Amino acid sequence: MNLPRIMGHRGAAGHAPENTLASFRTAARLGVAWVEFDVHLSTDRVPVLLHDDTLDRTTDGEGAVDAHTADELANLDAGSWFSDSFSGEPVPTLERTLQLLASLGLGANVEIKPSPGRESETGSAVARMLREQWPSALPQPIVSSFKTESLAAARQTAPSIPRALLVRKVAGNWVRDLRELDCFALHCSHKGLSASDAEQVRRSGYPLNLYTVNDRDRSETLLSWGAGTIISDYPDRLM
Ligand code: G3P
Ligand code: MG
């Protein structure tokens, strides 16, 4: 996999409302080559971009994402909470997002973010859409997830799309999970990560990509420890 050193988190979430089309346009304007974003399923199984399991923090709606249809989600405002200048910014579908990525020339790390109990279903739906609608002019996307069931379902549906396992710490069964799911990389939080954690991953032979790093000195330290890609809300600070 040829990933860039710096990737935009939820688009460029420090500068625009996360996981919106405006955030991807901003990332492209900043010169970012790839973006990360989070995908949930609506109640009628449409992949949509949202981070939380509920609508309350990032939209003018409330309640569980997966208690709403795609039509209901399409009418929400996902921009005003961030700033009035983004008011009316919609909750994008994955389908619409892929069209925009094509026009902006952006690669993507698609994070499968299932609502509780919908791990496999979300992994399959996201992988199916990427398999069928990923713009051929763009570099191949990657999928990632904290949920092994989602990665397993993505693998079954679209085995050729590279997978990364998300973890909060270098601990537990990450090597076993990477092997069993045939993942290409470990994606870990940089918080609390030590040089010896990074060394442990390096010795395993798997690339280590880190989120969410917004400080330039920290980013340089992590790269000196052998990190491959750094995911940032402020990619412009690190590039
Ligand atoms: O994919 C990296 C990062 O986005 C994982 O955590 O909670 O920001 O989706 P979160
Ligand atoms: Mg994410």
Next item on the list: Evaluate the following for I142: is it within 15 Å of ligand 2 (Cβ to nearest atom) and within 17 Å of M1 (Cβ to Cβ)?
Entry: yes
Margin query: A158 - would you say it is crowded, with 18+ Cβ neighbours inside 10 Å, more than 24 Å from A16 (Cα to Cα) and modelled with pLDDT of 95 or more?
Written below: yes
Notebook entry, point to check: How many of the residues in the stretch 40-79 are over 15 Å from P92 (Cβ atoms), touching a residue at least 12 places away in the same chain (Cβ under 8 Å) and out of contact with any Ser or Thr (no Cβ under 7 Å at 6 or more places or on another chain)?
Noted result: 2
Notebook entry, point to check: Could you say which residue among R57, R29 is within 16 Å of ligand 1 (Cβ to nearest atom) and of a type in the set (D, E, K, R)?
Noted result: R57
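Just checking, does the stretch 95-107 include any residue being modelled with pLDDT of 95 or more and farther than 30 Å from I6 by Cβ? I'd like the intermediate steps shown before the answer.
The first filter runs over the stretch 95-107 and keeps only residues modelled with pLDDT of 95 or more, leaving 95-107.
The next check asks that each one be farther than 30 Å from I6 by Cβ; those that pass are none.
Among the residues of the stretch 95-107, not one is modelled with pLDDT of 95 or more and farther than 30 Å from I6 by Cβ, which makes the answer no.
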Check: Tell me, which residue of the stretch 15-46 that is part of a strand (DSSP E or B) and within 14 Å of ligand 2 (Cβ to nearest atom) is surrounded by the fewest Cβ atoms within 10 Å (Cβ to Cβ)?
Finding: D38
Next item on the list: Could you tell me whether V143 is crowded, with 21+ Cβ neighbours inside 10 Å, farther than 20 Å from P114 by Cβ and either among the basic types (K, R) or in contact with a strand residue (DSSP E or B) (Cβ under 7 Å, 6 or more places away or on another chain) (or both)?
Entry: no
Next item on the list: Please specify each residue of the stretch 84-133 satisfying the condition of being more than 16 Å from ligand 2 (Cβ to nearest atom) and either on the phi > 0 side of the Ramachandran plot or in a strand (DSSP E or B) (or both).
Entry: G88, T93, G105, G117
Next item on the list: Test each condition in (1) buried (at least 16 other Cβ atoms within 10 Å of the Cβ); (2) within 22 Å of E36 (Cα to Cα) for V175 and report the one that comes out false.
Entry: (2)
Next item on the list: Spot the failing condition for V170; the list is (1) in contact with an Asp or Glu (Cβ under 7 Å, 6 or more places away or on another chain); (2) closer than 26 Å to L104 by Cα, and only one is missed.
Entry: (2)
Notebook entry, point to check: Between a first residue in the stretch 107-120 that is without any contact (Cβ under 8 Å) to a residue 40 or more places away in the chain and a second residue that is of a type in the set (G, A, S) and more than 16 Å from ligand 2 (Cβ to nearest atom), which pairs have beta carbons less than 9 Å apart while being 6 or more apart in sequence or on different chains?
Noted result: E119/A152; E119/A153; S120/A152; S120/A153
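Select from the stretch 189-237 the residues that are among the hydrophobic types (A, V, I, L, M, F, W, C) and more than 15 Å from ligand 1 (Cβ to nearest atom) and write down the one among them that is farthest from G107 (Cα to Cα). Show your work before the answer.
As a first pass, look at the stretch 189-237 and keep what is among the hydrophobic types (A, V, I, L, M, F, W, C): 193, 195, 198, 201, 208, 210, 213, 222-223, 225, 227, 230-231.
Restricting the remaining residues to those that are more than 15 Å from ligand 1 (Cβ to nearest atom) gives 195, 198, 201, 223, 225.
Working: A195: 29, A198: 25, V201: 25, L223: 21, W225: 25 Å.
Across the stretch 189-237, the extreme among qualifying residues is A195.
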Next item on the list: Look through the stretch 150-174, keep the residues that are under 17 Å from the mean Cα position of the chain (by Cα) and part of a loop (DSSP other than H, G, I, E, B), and return whichever of them is farthest from N2 (Cα to Cα).
Entry: R168
Item checked: The lone exception for D233 - which of (1) among the acidic types (D, E); (2) surrounded by 17 or more Cβ atoms within 10 Å (Cβ to Cβ); (3) more than 16 Å from ligand 2 (Cβ to nearest atom) it fails -> (3)
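The values are calculated or read from the model by the stated rules, or taken from the named source; none is laboratory data. As the structure is a computational prediction, the values presented were derived from the model and not from experiment. Cβ atoms come from the backbone with ideal geometry, glycine included; neighbour counts cover every protein chain shown.
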